[in-house]
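The values are calculated or read from the model by the stated rules, or taken from the named source; none is laboratory data. Source: prediction; values computed, not measured. When we count neighbours, we look across all protein chains shown, and the Cβ atoms used for this are built from the backbone with ideal geometry, even at glycine.
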Amino acid sequence: MQAPFQQINVQNPKHHLMTTYKIDPVIKTVPAKKLIGIHRTMTLSNDTTFELWRSLMPRRKEISNTLNPDLISMQLFGKPLIEGLFTSDTPFEKWAAIEVSDLNIIPVGMDSCIVPSGLYACFPYKGAANEAQSTIQYIFEEWLPASGYQLDNRPHITVMGEKYKGNDPDSEEEFQIPVIRK
């Protein structure tokens, strides 16, 4: 059995050496999720993720019927990513959300959505959240082209569970990439 994390070294201009991981994903059907949270449109070049989470975190206790303590980051990239036309200036929608059992009570200023069930390549990631970019590049530039899968036009999910510690090198999260068989 191969270890889920294979360590490789990647140069980072801010640090002399950064550690990242090549990851073997688990391909699985992820059940539908009901989410409540806050969302906004952004681009990679004008990334407002920090502000998005800063607006949700003080209010997260207002969300009732939570299923677990996990935080959910969801990205809706749409056809530009599927068609290979996505750039750092392409707008996309990003959510900071919590999974709930029902959508009966939505706090003022928040929205809800249902993520449909579907096939996902689930990549465990261990490392500082601010250093995950090289792992994301590996997924899209190496793993995906060599796999028997292609991107599907559904939400991209990051699950930040109990072992998530933000920018701590021991932090763990899971990237769920929507795929279909080629």
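Assess whether F140 counts as being within 13 Å of Q75 (Cβ to Cβ) and among the aromatic types (F, W, Y).
When the stated conditions are applied, F140 passes them.
Hey, can you tell me all the residues within segment 121-148 that are buried (at least 16 other Cβ atoms within 10 Å of the Cβ), among the aromatic types (F, W, Y) and assigned to a helix (DSSP H, G or I)?
Answer for segment 121-148, where residues must be buried (at least 16 other Cβ atoms within 10 Å of the Cβ), among the aromatic types (F, W, Y) and assigned to a helix (DSSP H, G or I): Y138, W143.
Of all residues in segment 106-139 being among the aliphatic types (A, V, I, L, M) and at pLDDT 95 or above, which is nearest to D24 (Cα to Cα)?
If we take residues in segment 106-139 being among the aliphatic types (A, V, I, L, M) and at pLDDT 95 or above, then A121 is nearest to D24 (Cα to Cα).
Looking at segment 63-86, can you tell me whether even one residue there is surrounded by 14 or more Cβ atoms within 10 Å (Cβ to Cβ) and in contact with a His (Cβ under 6 Å, 6 or more places away or on another chain)?
Yes, segment 63-86 has at least one match.
When residues of segment 23-44 are filtered for being hydrophobic (A, V, I, L, M, F, W, C) and either modelled with pLDDT under 50 or farther than 18 Å from S147 by Cβ (or both), how many remain?
So the answer is 6.
Identify the residue in segment 149-161 that is touching a helix residue (DSSP H, G or I) at 6+ places or on another chain (Cβ under 9 Å) and either of a type in the set (D, E, K, R) or outside any strand (DSSP E or B) (or both) and, among all such residues, is nearest to D24 (Cα to Cα).
Applying the filter and picking the extreme gives D152.
Return yes when T20 is of a type in the set (S, T, N, Q), surrounded by 10 or more Cβ atoms within 10 Å (Cβ to Cβ), modelled with pLDDT of 95 or more and under 21 Å from the mean Cα position of the chain (by Cα) and no when it is not.
So T20 does not fit the description; no.
In this structure, is M42 of a type outside the set (V, I, T) and over 21 Å from I136 (Cβ atoms)?
Judged against the criteria, M42 is not a match.
Tell me which residues, restricted to segment 91-142, are within 12 Å of the chain's Cα centre (by Cα) and among the aromatic types (F, W, Y).
Matches in segment 91-142: W95, Y120, F123, Y125.
Just the residues that are in contact (Cβ under 8 Å) with a residue 12 or more places away in the chain and part of a helix (DSSP H, G or I), please, taken from segment 35-56.
Residues satisfying the conditions are T49, L52, W53, S55, L56.
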